[in-house]
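The values are calculated or read from the model by the stated rules, or taken from the named source; none is laboratory data. On a predicted model such as this, the values are computed, not experimentally measured, just so you know. Glycine also receives a Cβ, built like all others from the backbone with ideal geometry; neighbour counts cover every protein chain displayed.
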Amino acid sequence: MVDGLVFKSEDLASATESASLTRGLGRSYGDSSLPAGAETPVADATAADRLLDFDPDSGVLRAEAGASLFDLNRIFLHRGWFVPVSPGTQFVTLGGMAASDVHGKNHHVDGCFGEHVRGLKIRVADGRIVECSDSSELELFRATIGGMGLTGHILEVEFTMRRIASPWIWGESERIKNLDLMVSGLKEAARDWPMTVGWVDCLARGDHLGRGILMKGRWARPEEAPTKPPSRKGRIRVPFEFPAVALCKPSMKAFNLAYYWKHFQHVRRGILHPDAFFYPLDALDDWNLIYGRRGFTQYQCVLPHADDNGPARRFLELFVSAGGMGFLCVIKDCGAEGKGVLSFPRSGMSIAMDFPIHPSKTQIIVDRLNELVIAEGGRIYLTKDTFTRAEHFRAMEPRLEKFTAVRRKWDPELRIRSAQSVRLLGDRA
Amino acid sequence: MKAVLFGATKGMGRALARLMAARGDRLCLLGRSAEDLERSARDLEIRGAQGPVATAFCDLLQPESFAPALEKAERELEGFDAVVVTAGVMAPQEEMENDPQLAARLLAADFTNTVLFCEESRRRLLEKTGGTLCVFSSVAGERGRKPVILYGAAKAGLSQYLEGLDHKFRSRGLRTVCVKPGFVKTGMTAGLKPPPFAGEPEAVARRVLRAIDRGRPVVYAPAAWRGVMFVIRNLPRLVMRRIEF
Ligand SMILES: Cc1cc2nc3c(=O)[nH]c(=O)nc-3n(C[C@H](O)[C@H](O)[C@H](O)COP(=O)(O)OP(=O)(O)OC[C@H]3O[C@@H](n4cnc5c(N)ncnc54)[C@H](O)[C@@H]3O)c2cc1C
């Protein structure tokens, strides 16, 4: 962890007065929420977590940017409301959700979180506080959605909550034999299901490449759902740090296989706890401990669709052959591009994987993956990124020019910056 | 429960108010900034507080604001049965040693004025059938210690006062709850390195609310601080002079 100056206060407006960046719960895997340098103060938004207005007729909610999704779920789920888009962890803030323009299992129908944001209150670099939306300061609004905090400090977020039929999920999971079936399964499921995602066994090769589990879900109808609300069940914890030897291949493989064969039935369906469906990883509280002290990184990219499943196949093959060990690989077909100038998703296949950081190998793996992503016309997800090189990023982001223009207009001296913007955009440390 | 909360827009008070809102209590917030009070009132309403959350101006540095604030609370809530005081002033010992005005302000706020506010609340609670007066003192009041000499002295006086109230008025229905928080991770302590046994505001608030519901006269929160302070109270002076804690 990088040490630095952190301002945390219930009063985010004053905490951001002299800060060079604002961060939320720090759930981004990459360096986007870390300070540009040891002398650049960062505001911590998490104490600014008040809900300011909720209209139960329209579902419009306005809240301070540090409000967490965990809190919203606790308050709203049992009243029949849910956020329009949820990432795979609930330990995120609204500010972080807007700044990363997060996507979820419903991206193919509902797009990113930003599509549902009606307005943002932002402190921009010169100290002014600006209200922006599609009808006022549109450029700033759209650059801030997915802008990784680089256009200003988000103080408040207003967005529309979604009415749900019950707080339970009706889900179906299916064992899938290989990549072709996974991709066609996702595409097919997208027609009938509002939420879909695939988990792929990253270590399977050859005929088994891309095997895994396809998950589909929708909110359960009241008559299907249990009458009592979902409990706040105790979380399973990874009780101690696995020794580094547990990271060698056989045990990773065992983990993947165990997961795969747990689903020995071809199809399972039934009622699911919303936490189990949306946040399986939150159940393992300190789950990153599984990787031991060396820590881990994540890589996520989206590859445009091709007639065959070539892009995803080439990507997985490269990952396996480059020695990128990991047990977690999530695959999701994305819908259309959203309104954020730098938002990650675009129509295509998104692939996300975790792997332990290796002092020399990780950079090489990421470089090779990025070269493939550039060749396929895809792009990476900034919120997860720590290792991409500036030249690779420029090559995959024709939208960068537009983003930089808006950013410079509001912040000519580029005062607002992060460790990530130093690395990728050449900002001063 | 119908509760008046002084200082609940931030930190521990905010966490406690949210728990009370979530279980449907009726609340009135006292504080200095109207805008800040309104924002917290909306937050608590959305979280489930019963009816509109009322607010009233009250400034710990202006004792003349106490009676009108409690009067307004009484009107808005149609009577109340609990008063919770988390308001207080905090300043570094070093700074106060060089700034007598700052020291005077802290001593006035954390001792004299807090006691005056409690007196005003006590009278009103006793006029009815009684009720609960819950006040946040501090473990700093348990022993004279180098980093918190003035703050600790004010809190020691406050704890003593609350104990006296409890002895005299419990039989008439006034339940006094003296909270002694150890280190809790809030905006106030942000930037300080959390010591062992540091508490999360929500867990601490849950413990305090239980104490309020049961009318326990003294509550340490987090619980581990009870033991920690037992040890510190019994350390010989020779040791206290040497350590910086
Ligand atoms: C287990 C797990 C699963 C995940 N699954 C998904 C997923 O399915 N889909 C997905 O899209 N993401 C996913 N993520 C990523 C996560 O949703 C994002 O990284 C999110 O932005 C984290 O929010 P945060 O509050 O922790 O922000 P941080 O990590 O603290 O910050 C992230 C970025 O947002 C900026 N930021 C935060 N708050 C503000 C503010 N108030 N003003 C301005 N900028 C701000 C920061 O500067 C930084 O650039 C997952 C992460 C984890 C750990």
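Pick from A:R175, A:R128: which is more than 14 Å from chain B (Cβ to nearest Cβ) and within 16 Å of the ligand (Cβ to nearest atom)? It would help to see each step written out before you state the result.
Details: A:R175 fails: within 16 Å of the ligand (Cβ to nearest atom).
That would be A:R128, the only listed residue that is more than 14 Å from chain B (Cβ to nearest Cβ) and within 16 Å of the ligand (Cβ to nearest atom).
With the condition kept exactly as written, say whether any residue in region B:87-99 is away from chain A (no Cβ under 14 Å) and part of a strand (DSSP E or B). No, every residue in region B:87-99 fails to be away from chain A (no Cβ under 14 Å) and part of a strand (DSSP E or B).
Scan region A:49-63 for residues that are touching a Ser or Thr at 6+ places or on another chain (Cβ under 9 Å), crowded, with 23+ Cβ neighbours inside 10 Å and not in a loop (DSSP other than H, G, I, E, B) and the total you get is 1.
Hey, among B:T189, B:T176, which residue is within 14 Å of chain A (Cβ to nearest Cβ), without any contact (Cβ under 8 Å) to a residue 60 or more places away in the chain and β-branched (V, I, T)?
Details: B:T176 fails: within 14 Å of chain A (Cβ to nearest Cβ).
Unique residue meeting the criteria: B:T189.
Okay, residues lined up against (1) touching a residue at least 12 places away in the same chain (Cβ under 8 Å); (2) within 21 Å of A:P274 (Cα to Cα):
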| site | (1), (2) |
| --- | --- |
| A:N178 | yes, no |
| A:M182 | yes, no |
| A:K187 | yes, no |
| A:W193 | yes, yes |
| A:G198 | yes, yes |
| A:D201 | yes, no |
| A:G206 | no, no |
| A:R218 | yes, yes |
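Within region B:192-207, the set of residues being more than 9 Å from B:A221 (Cα to Cα) and either in contact with a Lys or Arg (Cβ under 9 Å, 6 or more places away or on another chain) or within 14 Å of another protein chain (Cβ to nearest Cβ) (or both) comprises B:L192, B:K193, B:P194, B:A198, B:E200, B:P201, B:E202, B:R206.
Would you mention how many residues in region A:135-171 are away from the ligand (no atom under 16 Å from the Cβ), assigned to a loop (DSSP other than H, G, I, E, B) and free of Cβ contacts under 8 Å to residues at least 40 places away in the same chain? Within region A:135-171, residues that are away from the ligand (no atom under 16 Å from the Cβ), assigned to a loop (DSSP other than H, G, I, E, B) and free of Cβ contacts under 8 Å to residues at least 40 places away in the same chain number 1.
Please return the ranges of helices (runs of 4 or more DSSP H) entirely within region B:1-85 where 3 or more residues are touching a residue at least 24 places away in the same chain (Cβ under 8 Å) and within 14 Å of another protein chain (Cβ to nearest Cβ).
Details: elements: B:11-22, B:34-46, B:66-77.
Because the criterion is at least 3 residues that are touching a residue at least 24 places away in the same chain (Cβ under 8 Å) and within 14 Å of another protein chain (Cβ to nearest Cβ), the helices (runs of 4 or more DSSP H) in region B:1-85 that meet it are B:11-22, B:34-46.
Among the residues of region A:348-377, those that are within 16 Å of the ligand (Cβ to nearest atom) and not aliphatic (A, V, I, L, M) comprise A:G348, A:S350, A:D354, A:F355, A:P356.
Just for strands (runs of 3 or more DSSP E) wholly inside region A:1-48: which have at least 2 residues that are more than 7 Å from the ligand (Cβ to nearest atom) and under 25 Å from the mean Cα position of the chain (by Cα)? Let's see the steps before the verdict.
Numbers: elements: A:6-8, A:21-23, A:42-44.
Answer list for region A:1-48: A:6-8, A:42-44.
Please count how many residues of region A:67-78 are surrounded by fewer than 16 Cβ atoms within 10 Å (Cβ to Cβ) and at the interface with chain B (Cβ under 9 Å from one of its Cβ atoms). Let's see the steps before the verdict.
Step one: filter region A:67-78 for residues surrounded by fewer than 16 Cβ atoms within 10 Å (Cβ to Cβ), giving A:74, A:78.
Imposing the further condition that a residue be at the interface with chain B (Cβ under 9 Å from one of its Cβ atoms) reduces the set to A:74.
The qualifying residues number 1.
Taking the options A:G210, A:G217, A:G206, name whichever one is at positive phi and within 24 Å of the chain's Cα centre (by Cα).
Only one candidate passes the filter, namely A:G210.
The set of residues in region A:49-66 that are within 13 Å of the ligand (Cβ to nearest atom) and facing chain B (nearest Cβ under 9 Å) comprises A:D49, A:A63, A:E64.
With touching a strand residue (DSSP E or B) at 6+ places or on another chain (Cβ under 9 Å) and in a strand (DSSP E or B) as the only criterion, which of B:R175, B:R226, B:R216, B:R207 stands out?
Numbers: B:R226 fails: in a strand (DSSP E or B); B:R216 fails: in a strand (DSSP E or B); B:R207 fails: in a strand (DSSP E or B).
Answer to the selection: B:R175.
The rows are residues; the columns are (1) at pLDDT below 95; (2) at negative phi; (3) surrounded by fewer than 21 Cβ atoms within 10 Å (Cβ to Cβ).
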{"site": "A:S343", "(1), (2), (3)": "no, yes, no"}
{"site": "A:I364", "(1), (2), (3)": "yes, yes, yes"}
{"site": "A:G378", "(1), (2), (3)": "no, yes, no"}
{"site": "A:T388", "(1), (2), (3)": "no, yes, no"}
{"site": "A:A395", "(1), (2), (3)": "no, yes, yes"}
{"site": "A:P398", "(1), (2), (3)": "no, yes, yes"}
{"site": "A:R407", "(1), (2), (3)": "no, yes, no"}
{"site": "A:A429", "(1), (2), (3)": "yes, yes, yes"}
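Restricting region A:99-124 to residues that are outside any strand (DSSP E or B) and more than 12 Å from the ligand (Cβ to nearest atom) leaves a set whose member that is farthest from the other protein chains (Cβ to nearest Cβ) is A:H108.
The one condition from (1) at negative phi; (2) in contact with a strand residue (DSSP E or B) (Cβ under 7 Å, 6 or more places away or on another chain) that B:G130 does not meet is (1). Kindly evaluate B:R170 against the criterion of being modelled with pLDDT of 95 or more, within 21 Å of B:A3 (Cα to Cα) and surrounded by fewer than 18 Cβ atoms within 10 Å (Cβ to Cβ). Against the criterion (modelled with pLDDT of 95 or more, within 21 Å of B:A3 (Cα to Cα) and surrounded by fewer than 18 Cβ atoms within 10 Å (Cβ to Cβ)), B:R170 qualifies. Might you check whether a residue that is closer than 26 Å to A:V130 by Cβ, within 14 Å of the ligand (Cβ to nearest atom) and assigned by TED's automatic domain parsing to the domain that holds A:Q298 occurs anywhere in region A:390-410? No, the conditions are met nowhere in region A:390-410. Yes or no: A:P35 surrounded by 24 or more Cβ atoms within 10 Å (Cβ to Cβ) and away from chain B (no Cβ under 11 Å)? Here the answer is yes, as A:P35 does meet what is asked.
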